[in-house]
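Structure, as structure tokens:
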Amino acid sequence: MSQSIEAEQAVASTPQAAARGQEPFSGEENPFEAMMARFDRAAELLALDPGLYRVLRQPEKQIIVSVPIQRDSGEIEVFTGYRVLHNTSRGPAKGGIRFDPKVTLDEVKALAAWMTWKCAVVNIPFGGAKGAVVCDPATLSITEIERITRRYTAALIDVLGPDSDIPAPDLNTGERIMAWIMDTYSMHKRHAVTGVVTGKPIEMGGSLGRREATGRGCVISIKQAAQHLGFELKGARAAVQGFGNVGSVAAKLLAQEGAKVVAISDISGAYYNAEGIDVEDALRWVKDHRYLAGYPRAEAIGGEELLTLDVDILLPAAVANVITRKNARQIKAKVICEGANGPTTPAADRILEENGVFVIPDILANAGGVTVSYFEWVQDRAAYFWDEETVNQRLETMLCRAFRDVLSVSQRYGVNLRTAAYMLAIERVAAVHRLRGLYA
Ligand code: GLU
């Protein structure tokens, strides 16, 4: 069963996701359109050269592969895999691989572009990529997941590499899957290549602090936001959607900062306690019961209700498109920290801005994961490993600098943090394109 796989992000139940069914995204919820809407606005404000605009709009490479495997029953099944490399001007492509029954090529294209912008915001020398296999891990055995992983890696053997394209965990994938990617790649190359993938187990070239990095990064940016807005984290009320690797770590660290985590949720339900949920206790419950379902020391509430609770901080750390034009007006949080990729639609952005909600955009808020992935890659290449304190300290330094950079663009141009983050990222990528010129 797939429950032993630790996923980078938790899958939360949302009416939007349920309504989406097997249909591709449309309208407000098309992630590629959502990414392009933000890109276009930032490019316009930057007065980006039209030629460069055309280059940056398109992914460099889009790969679709067949992933045939033998099921445990003996039957052969063929899954579809994607890998999209959006831009590699600043360095090798970098980005996670997700296993999701509803993932589309459009979504992978958007996620790959988000990785380009995310790496540029934190100023690490990577481009952006994303991969996916259309499959439902909940219906697959661990050995079937292993076969899918290995066959997908083999299909992409000429694309992946520590100098070309470096995967990492994402939705429904984790350390164990990264270990199989490293092994498959290394068997093809006839020697151990640790730097081909990040988010690996520590024993085989993973980095201390990588597992917690995305959630830790969220809290670092929330602290920066609180300082900027002039409120104390101590005593602040927070709601966290998604209790996977990102949400649960962020919830734990928020509680350590003295914040009151009043609501948490996962795919099985949402839970509320006005006095604050004991996050460690909830984590123990999930360890024993797999899901939050039935958690006794909080009241069960609706998943949608969690988003509109009267809190200071809202942390969507599950899937895309949970904050839309339908619920954005009801949101009462002062600060939204986007732990997930693309949780807010462009239509919701406008409403939140009108209402003065301070949104820390995904490409800044959840960049802690890829930042420590960068540290992992550096350590693998140097074959010299850092202690956890060094990792966390360097993460904090890089994220605080990125936050300050984004804030300063936002103040200079009078735009919100999301537009500022895109402007900063696009300008950093564009600057390299100008210097490198066009190879013909
Ligand atoms: N999947 C994560 C993200 O969306 C991590 C990517 C990485 O570490 O390369 O940022």
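Share of the chain's accessible area from carbon and sulfur, percent, 1.4 Å? Percent of accessible area from carbon and sulfur atoms in the chain: 49.
How would you classify the range 281-440 from its alpha-carbon gyration tensor, with a ≥ b ≥ c the square roots of the eigenvalues: rounded for a/c under 1.5, else prolate if a/b is greater than b/c, otherwise oblate? Walk me through the numbers before you get to the answer.
On the way: a/c = 2.31, a/b = 1.24, b/c = 1.87.
It comes out oblate by the Cα gyration axes.
For the range 39-132, run through the GluC sites (Glu not before Pro) and keep only the ones in DSSP coil with at most 13 other Cβ atoms within 10 Å of their Cβ.
On the way: sites: Glu44, Glu60, Glu75, Glu77, Glu107; in loops: Glu60, Glu75.
Answer in residue order: Glu75.
Potential lengthening of the chain between Leu229 and Ile157 amounts to 21.2 nm, from the contour at 0.36 nm per residue minus the alpha-carbon distance.
Would you mind working out the magnitude of the charge dipole of the range 155-241 relative to its Cα centre, with +1 at each Lys and Arg C-beta and -1 at each Asp and Glu C-beta, to the nearest 20 Debye?
Here the size comes out at about 360 debye.
Shown for the chain are the DSSP H helices of 27 Å or more along their axis, judged by Cα atoms, with a mean Kyte-Doolittle hydropathy of at least 0.0: 417-436. Using Cβ point charges alone (K and R +1, D and E -1), the dipole size of the chain about the Cα centre works out to roughly 1060 debye. Expressed in units of 2.2 N^0.38 Å, where N is the residue count, the Cα radius of gyration of the range 88-142 is 1.29. Between the listed residues Leu306, Ala192, Val249, the Cα displaced farthest toward the positive end of the dipole of the range 187-332, a dipole computed from Cβ unit charges relative to the Cα centre, is found at Ala192.
Run through the range 331-440 and list the chymotrypsin sites (Phe, Trp or Tyr not before Pro) located in a DSSP loop whose Cβ has at most 16 other Cβ atoms within 10 Å. Mind showing how you got there, number by number?
Working: sites: Phe358, Tyr374, Phe375, Trp377, Tyr384, Phe385, Trp386, Phe403, Tyr413, Tyr422, Tyr439; in loops: Tyr384, Phe385, Trp386, Tyr439.
Listed in order of number, the matching sites are Tyr384, Phe385, Tyr439.
Pulled fully out, how much extra length does the chain show between Glu75 and Ala382, if you take 0.36 nm times their separation in residues and subtract their Cα-Cα distance? Provide the component values of the computation, followed by the final result.
Details: separation 307, 0.36 × 307 = 110.52 nm, distance 4.40 nm.
Roughly 106.1 nm would be gained on extension.
What's the Cα-based Rg to Rh of the chain, Rh via Kirkwood?
Working: Rg = 20.4 Å, Rh = 21.6 Å.
Ratio value, two decimals: 0.94.
For the range 390-437, just say rounded, prolate or oblate: build the C-alpha gyration tensor, square-root its eigenvalues into a ≥ b ≥ c, call rounded for a/c under 1.5, and beyond that prolate if a/b exceeds b/c, oblate if not.
Details: a/c = 3.29, a/b = 1.22, b/c = 2.70.
Note, shape of the range 390-437 comes out oblate.
Take every DSSP beta bridge whose two residues both sit in the chain; close to 50 percent of them are antiparallel. For the pair Ala138 and Lys189, the difference between a 0.36 nm per residue extended length and the Cα-Cα distance amounts to 15.2 nm.
Among Pro31, Pro92, Pro50, the largest mean-square fluctuation in a Gaussian network model of the chain (Cα springs under 10 Å) belongs to Pro50.
Going through the cross-link list Lys234/Lys334; Lys61/Lys189; Lys94/Lys118, which pairs have a Cα-Cα distance over 20 Å in this structure? Numbers along the way, then the final one.
Numbers: Lys234/Lys334 15 Å; Lys61/Lys189 23 Å; Lys94/Lys118 10 Å.
Listed pairs above 20 Å: Lys61/Lys189.
Within the range 246-313, none of the trypsin sites (Lys or Arg not before Pro) combine a DSSP coil assignment with at most 10 other C-beta atoms in a 10 angstrom radius. Between Lys287 and Lys102, the modelled labels are 3.1 nm apart [label points 7 Å from Cα along Cα→Cβ].
Quickly estimate the mean residue ellipticity at 222 nm for the chain, helices only: each DSSP H run with n ≥ 4 gives -39500 (n - 2.57), and the total goes over all residues, rounded to 500. Spell out each step's value before the answer.
On the way: 15 runs with 198 residues, N = 440.
Helices in the chain give a 222 nm mean residue ellipticity of -14500 deg cm²/dmol.
Rolling a 1.4 angstrom probe over the protein heavy atoms, how many square angstrom per residue are accessible across the chain? Please list the in-between numbers first.
Details: 17400 Å² over 440 residues.
I get 40 Å² per residue for this part.
With only alpha-carbon atoms in the gyration tensor, what are the semi-axes of the equivalent ellipsoid for the range 349-440, in Å, largest first? Kindly include the intermediate steps, with their values, before the conclusion.
Details: eigenvalues 161, 91, 21 Å².
So the three semi-axes of the range 349-440 are 28, 21, 10 Å.
The values are calculated or read from the model by the stated rules, or taken from the named source; none is laboratory data. All of these numbers come straight from a predicted model, not from anything done at the bench. FYI the Cβ positions are ideal-geometry reconstructions off the backbone, even for glycines, and counts take in every protein chain you see. Each accessible area value is taken on the protein alone, full model and side chains, heavy atoms only, with ligands, DNA and RNA left out. Shrake-Rupley method; radii C 1.70, N 1.55, O 1.52, S 1.80 Å.
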